[in-house]
Amino acid sequence: MVNKVALLIGVSEYEPGFIPLLGAVKDVDAIQRVLANPEMGGFAETDITVLKNPQRQDMEDAIYRLYADRHRDDLVLFYFSGHGIKDERGNLYLSTRITRKQNGKLVKPSAVAASFLHESINDSRSQRQVVILDCCFSGAIAQGMTVRDDDTVNLQEQLGGKGRAILTSSTSTQYSFEQIGSELSIYTRYLVEGIETGAADHDEDGWISVDGLHEYASIKVQEEAPAMTPKFYPVEEGYKINIARAPVGEPKLTYRRKVEEIARKRQGKISSINQMALEELRHSLKLPSEEANAIETDVLQPYVIREQKLQRYEQALSEAIQRQNPLSDEDWSDMKDLQQVLRLRDEDVAPIVERFRNEKVSPIVIEIPPETGTSTDQTSFSNDVTVVQTQSESPYSRWKLLVFGLVSVALGMVINKIWTDKPLDQHPLLVSQQTYSKSLFTDIKDDVPSGIFNYGLSTTWAPIRGNVDQEIQKAFPNFQLKYIVFPLEETGSLTSIEKLLDRSVAFAQYSYPLTEQQKKKFKEIPVAVDGVAIAVHPELSISSLTLDELKRIYTGEVTNWNQVGGPDLKITPLSRNVSGGTVKFFKEKVLGDPEYSFAPKVVKKVQSTTLGLQEVYKDKGGIYFASASEVLGQCMVKPLWLGKDRNNLVPPHQKLSTDQISKCPKNPNKLYKANVNAFSDQSYPLTRKLYVVVKQDGSIDQKAGEAYAKLLLTRQGQDLIETSGFGRIR
């Protein structure tokens, strides 16, 4: 009798010195799900052993039992997700719950040596073995692997060839990594996707072989993270081993394969001609448009993520050049480190580097098309804006421009007067909000224009863009929202007006209210309420702060946690190094001055929230502020209760349940979600509204922004905003 057995190990929790891998145990759950599915892996549930955060001895015992006493025809699968560590000799070890370092070196008895796995595999009689390692340096597992030959083995055709197949997420020298914002690690995510969708059946014979599965996952990984190089090591005919079934002729799979083909040919771009062809295919397959849209979004995701990484690299380079041009060797070294973290190759960033290497900061230029001639001169328009005009323009042309500008200003003032003079409950916008407050997206389809509309800017909005906006796109495929990433110093709410003026965006996502002067030409539409959370190390023995204590920390008056009831430990205040809406709000609400300048010796600057939270985890005395949606639900930090005084402390989170405590034992705040009710009623002391901002010029861009706001203000939109970690506006 042929058996199919599997051992799945995920290690997410570690001793100090190792960063938690939050997705590792979820990786195991996902692999177990597809293997146990009778339509996919076909493994009996009783033949799948799952270990989460095991001790070293338990892990070695399970590996021994997996390979011992197996028959030659048995299919034996070993999967590991966690930290891979190499010792000073370059030997690979698989981490366990107790893995630790001493004086920077691995304590070897606390981890499982790859050589133990080698011996167990080589001693097994099974001639059909699959090893999947999703960890750093996993390619090193191939060193020293051997296989015994036995030509007498007669294998069933449907199970594929004999031998051994080793799939690794990286080479012997590469780091693997957990994708921030994703449930699963990047390599495992695409392994699971290849099986669940059937897309890894590369020869379309109804079976997914290990080489087809690896090929699919590898291509997808490199679309998203080009410098990450998954490896496949077949021994004998190991590449022929079939690991799962795949549907044949299924409409969704047929459509997916066509989208994959187009995306790979066009580097993630789908032209209008391609879209017409796909629409015809969708009709012929009788595939609902919602399912087709979901498939396209899924297929294009790695390209989108890769583009976002390139944009983040460009932002960092632009910021560095703003500080110093040309860059120092130290700056270039920092850029190289960032490139490696983003998993980008030299050839990926080369065009960006070439474009920026000698670039200087230049003002925004608004070019007015010349009536005749080509030579130009410049006329001052504002401190940051230059109007380029042709010498051949007549005085009459300039008078036209002046009159047009004056009329526009006057019209804006009249509109503003009408707006501000109306009773609050009679404002057209609020009436509109009330009308749509109990509707679905599709109920306001007549107000949604068609076209491609650039938008973005506020980083606080990221969860909404990733959650709500996707649903909007499904409901209105022709209302195409194109998120624009600007250089780092231009990203955030406070640059939105400039980007609306030069039409870089059709409408802006904002996290700070407009000034009275700005309201003369622009309209802010409140759509959500955000809470700014304060993050500290999960093991810090302090649970709350007052606003006054927080102020004294960030002004340098309080420098040790024992001054606010905590341990004798130096405080390290952290802040993002850009003056975005969140930073300005914090300065205004906590420090009493939105233009306050943090003292460099007091507040440590970080480039992003991700880096800020990592700094807090590494420095037990660290403290950082960010939108609650970015802080909650992470093992590496815990949020503090806040209050105007000690009698009015309010948490930014609310408890879910305790049945998952094993997922994050050192920090139960992992089991909390945003306290959206306290955000909505503003009982939590650090709350601010999020706005959609449009330029009031009667253009289609204004219509697009207002339509977007209406969608967010529907019942469906408000529900999705709430699940994204923000409070409802009503």
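The values are calculated or read from the model by the stated rules, or taken from the named source; none is laboratory data. The model shown is predicted, which means the values in this text are computed figures rather than measured ones. Ideal geometry is used to build each Cβ from the backbone, glycine not excepted, and the neighbour counts take in all protein chains shown. To get the accessible areas, we keep the full protein, side chains included, count just its heavy atoms, and leave off ligands, DNA and RNA. Shrake-Rupley method; radii C 1.70, N 1.55, O 1.52, S 1.80 Å.
Which residue is nearest to the chain's Cα centre (by Cα), if the candidates are limited to region 12-58 and must be surrounded by fewer than 17 Cβ atoms within 10 Å (Cβ to Cβ) and polar (S, T, N, Q)?
By that ranking, first place goes to Asn37.
If you take the residues of region 77-92 that are of a type outside the set (Gly, Ala, Ser) and modelled with pLDDT of 90 or more, which of them is farthest from the chain's Cα centre (by Cα)? If you could, list the steps in order and put the result at the bottom.
Pass one, region 77-92, residues of a type outside the set (Gly, Ala, Ser): 77-80, 83, 85-89, 91-92.
Checking which are modelled with pLDDT of 90 or more leaves us with 77-80.
Working: Leu77: 31, Phe78: 29, Tyr79: 25, Phe80: 23 Å.
Among those residues, the one meeting the criterion is Leu77.
Rundown of residues vs (1) under 25 Å from the mean Cα position of the chain (by Cα); (2) of a type in the set (Lys, Arg); (3) open to solvent by 30 Å² or more (accessible area, probe 1.4 Å); (4) modelled with pLDDT of 80 or more, yes/no style:
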| site | (1), (2), (3), (4) |
| --- | --- |
| Leu424 | no, no, yes, no |
| His427 | no, no, no, no |
| Gln434 | no, no, yes, no |
| Ile452 | yes, no, yes, yes |
| Ser458 | yes, no, no, yes |
| Pro463 | yes, no, yes, yes |
| Gly466 | yes, no, yes, no |
| Lys474 | yes, yes, yes, yes |
| Ser493 | yes, no, no, no |
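Here's a check for you: in region 235-264, which residue that is in a strand (DSSP E or B) and open to solvent by less than 60 Å² (accessible area, probe 1.4 Å) is nearest to Leu285 (Cα to Cα)?
Here is the first cut: in region 235-264, the ones in a strand (DSSP E or B) are 235-236, 242-245.
Imposing the further condition that a residue be open to solvent by less than 60 Å² (accessible area, probe 1.4 Å) reduces the set to 235, 242-244.
Working: Val235: 40, Asn242: 28, Ile243: 28, Ala244: 25 Å.
Restricting to residues being in a strand (DSSP E or B) and open to solvent by less than 60 Å² (accessible area, probe 1.4 Å), the top hit is Ala244.
For region 699-724: of the residues being hydroxyl-bearing (Ser, Thr, Tyr) and over 21 Å from the mean Cα position of the chain (by Cα), which is most open to solvent (accessible area, probe 1.4 Å)?
Step one: filter region 699-724 for residues hydroxyl-bearing (Ser, Thr, Tyr), giving 699, 708, 714, 723-724.
Now drop any that are not over 21 Å from the mean Cα position of the chain (by Cα), which leaves 699, 708, 714.
On the way: Ser699: 31, Tyr708: 0, Thr714: 0 Å².
Looking at residues that are hydroxyl-bearing (Ser, Thr, Tyr) and over 21 Å from the mean Cα position of the chain (by Cα), I get Ser699.
Pairs under 7 Å by beta carbon, first residue under 14 Å from His83 (Cα atoms) in region 16-43, partner assigned to a helix (DSSP H, G or I) and open to solvent by 10 Å² or more (accessible area, probe 1.4 Å), six or more apart or different chains?
What qualifies is Val25/Lys663.
Has region 74-90 got at least one residue that is basic (Lys, Arg) and touching a helix residue (DSSP H, G or I) at 6+ places or on another chain (Cβ under 8 Å)?
Our first condition is that a residue be basic (Lys, Arg); within region 74-90, this holds for 86, 89.
From the residues that got through so far, the ones that are touching a helix residue (DSSP H, G or I) at 6+ places or on another chain (Cβ under 8 Å) too are 86.
The answer is yes, given that some residue of region 74-90 is basic (Lys, Arg) and touching a helix residue (DSSP H, G or I) at 6+ places or on another chain (Cβ under 8 Å).
Just wondering, is there one or more residues in region 230-249 that are more than 26 Å from Gly82 (Cα to Cα) and free of Cβ contacts under 8 Å to residues at least 24 places away in the same chain? Can you show your working first?
Here is the first cut: in region 230-249, the ones more than 26 Å from Gly82 (Cα to Cα) are 236-237, 240, 245-249.
Next, from what is left, pick out any that are free of Cβ contacts under 8 Å to residues at least 24 places away in the same chain: 249.
Yes, region 230-249 has at least one match.
Could you look through region 636-655, keep only residues that are hydrophobic (A, V, I, L, M, F, W, C) and not in a loop (DSSP other than H, G, I, E, B), and pick out the one that is nearest to Leu21 (Cα to Cα)?
Top of the filtered list is Trp641.
In region 265-276, what residues are in contact (Cβ under 8 Å) with a residue 12 or more places away in the chain and part of a helix (DSSP H, G or I)?
Asn274
Anything in region 201-254 that is within 27 Å of the chain's Cα centre (by Cα) and over 30 Å from Val349 (Cα atoms)? List them, or say none. Don't jump to the end; show me each part of the working.
Looking only at region 201-254, we keep the residues that are within 27 Å of the chain's Cα centre (by Cα), and these are 213-231, 252-253.
Of everything in region 201-254, those that are within 27 Å of the chain's Cα centre (by Cα) and over 30 Å from Val349 (Cα atoms) turn out to be Lys252, Leu253.
Each row is one residue, and each column tells you yes or no for (1) without any contact (Cβ under 8 Å) to a residue 40 or more places away in the chain; (2) open to solvent by less than 30 Å² (accessible area, probe 1.4 Å).
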{"site": "Thr515", "(1), (2)": "yes, no"}
{"site": "Asp530", "(1), (2)": "no, yes"}
{"site": "Val536", "(1), (2)": "no, yes"}
{"site": "Ser544", "(1), (2)": "no, yes"}
{"site": "Val558", "(1), (2)": "yes, yes"}
{"site": "Thr572", "(1), (2)": "no, yes"}
{"site": "Thr582", "(1), (2)": "no, yes"}
{"site": "Phe586", "(1), (2)": "no, yes"}
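Take the conditions surrounded by fewer than 24 Cβ atoms within 10 Å (Cβ to Cβ), on the phi < 0 side of the Ramachandran plot, out of contact with any Asp or Glu (no Cβ under 7 Å at 6 or more places or on another chain) and at pLDDT 90 or above and apply them to Arg646. Does it pass?
Yes; evaluated as a whole, the condition is true for this residue.
How many of the residues making up region 439-464 are in contact (Cβ under 8 Å) with a residue 60 or more places away in the chain and in a strand (DSSP E or B)?
So the first thing to find is which residues in region 439-464 are in contact (Cβ under 8 Å) with a residue 60 or more places away in the chain, and the list is 439-441, 443-444, 447-449, 451, 453, 455, 458-464.
Restricting the remaining residues to those that are in a strand (DSSP E or B) gives 451, 453, 455.
Number satisfying all stated conditions: 3.
Out of region 277-335, which residues are without any contact (Cβ under 8 Å) to a residue 40 or more places away in the chain, more than 27 Å from Val221 (Cα to Cα) and under 25 Å from the mean Cα position of the chain (by Cα)?
Within region 277-335, Ala320 is the sole residue that qualifies.
State whether the residues of region 501-509 include one that is of a type outside the set (D, E, K, R), in contact with a Gly (Cβ under 7 Å, 6 or more places away or on another chain) and surrounded by fewer than 16 Cβ atoms within 10 Å (Cβ to Cβ).
Taking region 501-509 first, the residues of a type outside the set (D, E, K, R) are 501, 504-509.
Checking the rest, the ones that are also in contact with a Gly (Cβ under 7 Å, 6 or more places away or on another chain) come to 505-507, 509.
Cutting the leftovers down to surrounded by fewer than 16 Cβ atoms within 10 Å (Cβ to Cβ) gives us none.
No - not one qualifying residue is present in region 501-509.
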